[in-house]
Amino acid sequence: MQKESNIYLDLKYENRNRVFNKIREAGSISSSALSYELQLSRPTIKQNVDELLGMGLIYESGTFGHTGGRRAKAFSILKKNRVAVGIDLTKNHITVIVIDLNGDLIYEKRVRLAFSQEDSYKRELGRLVEEAVKASDIENDAVMGVGIAVPGLITEDQKKVFYGEILKFTGMTAEELGKYIPYSCRLYNDADAGGYAEISQSEELTDAFYISLSNNIGGSILIDHKVYKGESPRSGEIGHMTVLPGGGECYCGQQGCFEVYCNATLLSGQYEGDLAMFFQQLDEGDEKCREIWKEYLHYLSIAVNNIRMLFDCKVILGGYVGAHLEKYMDELKRLAAERNTFEDNADYLRVCKVKKDALALGSALPFVHEFWKTL
Ligand SMILES: [Zn+2]
């Protein structure tokens, strides 16, 4: 008997879940359209719609139909019923975003603040989150959780940094970092968060390799819309792939890492951290910028070709540099194709779609996606 009732409950929740997600995807939809699209009876639709109305997850957003006849009610999801907070934490900046139940951005703020393990830093982090929730005009209990993207490697339970050389914060826990954040916090590796945001916005792709070309380099292997973490879990750490044996010293202690030749500070460092200025000067034909850029593309082409050889999938270029790459893709593709054993083009290369806040977005989105699945 117990088993039967579980099957019944599973089906009941599955139907509710399908009804909710169909309303979400449609934006606005009537009961009869729901019944038709989901192939569920009208009474079943009514029961689930009533339940979702009772839970405050949907609302009557208008009517469909012609004047004269009886108008059909239109339903939409109440996007602010639940939200998720995403944080991108780097050496010098904190970005905080809030996304709604549809995954849409409703708040964004970036502040310049040098990372520190001091209590004052954690306090400020907590204040920024509370400010974000307040400004988003939502109830406290609507916050499903806070995802924090950091430049470090994260344990499988997402609670601890087990390698954090960049910020010198190995051993930092989600609990400690979120000491003043009144919601449950999870840690994410920054490149994995960026990759997840990107693949979530790419319906045409199921698998890809994402490269985050920011002040540090990260990579993320995406298989079937999920991040493949590896057994350690240290997958996709292409920043420490050797591109020049015996080359320049990397912060990791090795020599000739990809990180050494393609981190964004090599470019932005020419203009006191202003990456846009570098690209502007490059476009204006500055000789020194041309030289630096030529070398940058050379090493980038080595890395992307290696990835293509290894995974035979699309390679997406993101991060600070990725956001500026569109114009130079022909040049990069030509260089990468020259190295390729099997193909005479590098059309597998693509720039990121998510140009802004990708890391914060990728650490907030999992909360929303889990909600869609488990509602
Ligand atoms: Zn290294």
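What does the helix-only formula give at 222 nm for the chain: each DSSP H stretch with n ≥ 4 adding -39500 (n - 2.57), the total divided by the residues, and the result rounded to the nearest 500 deg cm²/dmol?
-12500 deg cm²/dmol
For the peptides 199-212, 330-343, 145-158, what is the packing order when you average, over each peptide's residues, the other Cβ atoms within 10 Å and list the highest mean first?
145-158, 199-212, 330-343
For the range 203-351, what D do you get in µm² per second when you plug the Kirkwood radius from alpha-carbon pairs into Stokes-Einstein at 37 °C and 0.692 mPa s?
Working: Rh = 15.8 Å.
Reported coefficient: 208 µm²/s.
Projecting each Cα onto the charge dipole of the chain (Lys/Arg +1, Asp/Glu -1 at the beta carbon, about the Cα centre), which of G362, V260, G62 comes out farthest on the positive side?
The Cα lying farthest towards the positive end belongs to G62.
Would you please give the residues with an amide H less than 5 Å from that of S30, counting only those at least 5 places away or on a separate chain, with H modeled from the backbone geometry?
Amide H neighbours of S30, under 5 Å, 5+ apart: F75.
Give or take rounding to whole Å, what are the principal axis extents of the alpha carbon atoms in the range 263-375, in descending order?
57, 40, 18
Would you kindly compute the Cα radius of gyration of the range 7-102 and its largest Cα-Cα separation (Dmax), both in Å?
Rg then Dmax for the range 7-102, in Å: 17.1, 63.
Which three extents, in angstrom, do the Cα atoms of the chain have along their principal axes, listed largest first?
73, 53, 48 Å, listed from the longest principal axis down.
Any chance you could list the semi-axes, whole Å, largest first, of the equivalent ellipsoid that the Cα gyration tensor gives for the range 92-148, using √(5λ)? Before the final figure, lay out each step's value.
Numbers: eigenvalues 95, 29, 17 Å².
Working through the eigenvalues yields semi-axes of 22, 12, 9 Å.
Hey, fewest Cβ within 10 Å first, where do F169, F64, F371 land in order? All intermediate terms of the calculation are to be shown ahead of the outcome.
Details: F169 20, F64 14, F371 17.
Taking fewest neighbouring Cβ atoms as first place, the list is F64, F371, F169.
Considering only the chain, what is the antiparallel percent among its DSSP beta bridges, to the nearest 5?
Working: 35 of 52 bridges.
Roughly 65 percent of the DSSP beta bridges within the chain come out antiparallel.
Given a 10 angstrom Cα cut-off, can you work out which residue in I221, I99, I166 is the most mobile in a GNM of the chain?
I166
Once you've got the GNM for the chain with C-alpha springs shorter than 10 Å, pick whichever of C250, C352, C185 has the biggest mean-square fluctuation.
C250
Rounded, prolate or oblate for the range 201-289? Axes are the square roots of the Cα gyration tensor eigenvalues, ordered a ≥ b ≥ c, and the cut-off for rounded is a/c under 1.5.
Working: a/c = 2.92, a/b = 1.41, b/c = 2.08.
Cα axes put the range 201-289 in the oblate bin.
Go through the range 78-89 residue by residue and turn each phi into a ³J(HN,Hα) via Karplus (6.51, -1.76, 1.60, θ = phi - 60°); whole Hz please, and just put x for glycine and proline.
8, 4, 8, 4, 9, 9, 10, 10, x, 10, 10, 10
With the Cα gyration tensor of the range 175-244 giving a ≥ b ≥ c as the square roots of its eigenvalues, does the rule (a/c under 1.5 for rounded; else a/b larger than b/c for prolate; else oblate) give rounded, prolate or oblate?
Oblate, because a/c is 1.5 or more while a/b does not exceed b/c.
Give me a comma-separated list of calculated 3J(HN,Hα) values for the range 160-166, in order, Karplus coefficients 6.51, -1.76, 1.60 applied at θ = phi - 60°, integers in Hz, x for any Gly or Pro.
8, 8, 9, 8, x, 4, 4
Given charges of +1 on the Cβ of Lys and Arg and -1 on the Cβ of Asp and Glu, with all other atoms neutral, how large is the dipole of the chain about its Cα centre, in debye to the nearest 20?
Details: 44 positive and 54 negative charges, 272 e Å.
Here the chain has a charge dipole of around 1300 debye.
Could you give the size of the charge dipole of the range 68-128 about its Cα centre, using +1 on the Cβ of each K and R and -1 on the Cβ of each D and E, expressed in debye and rounded to the nearest 20?
On the way: 13 positive and 7 negative charges, 99 e Å.
Its charge dipole is roughly 480 debye.
Every read-out reported here was derived from the displayed coordinates using simple, explicitly stated rules and does not represent laboratory data. Everything numeric here is computed off the predicted structure, so don't read it as measured data. Positions of Cβ are generated from backbone atoms using ideal geometry, with glycine treated the same way; all protein chains shown enter the neighbour counts.
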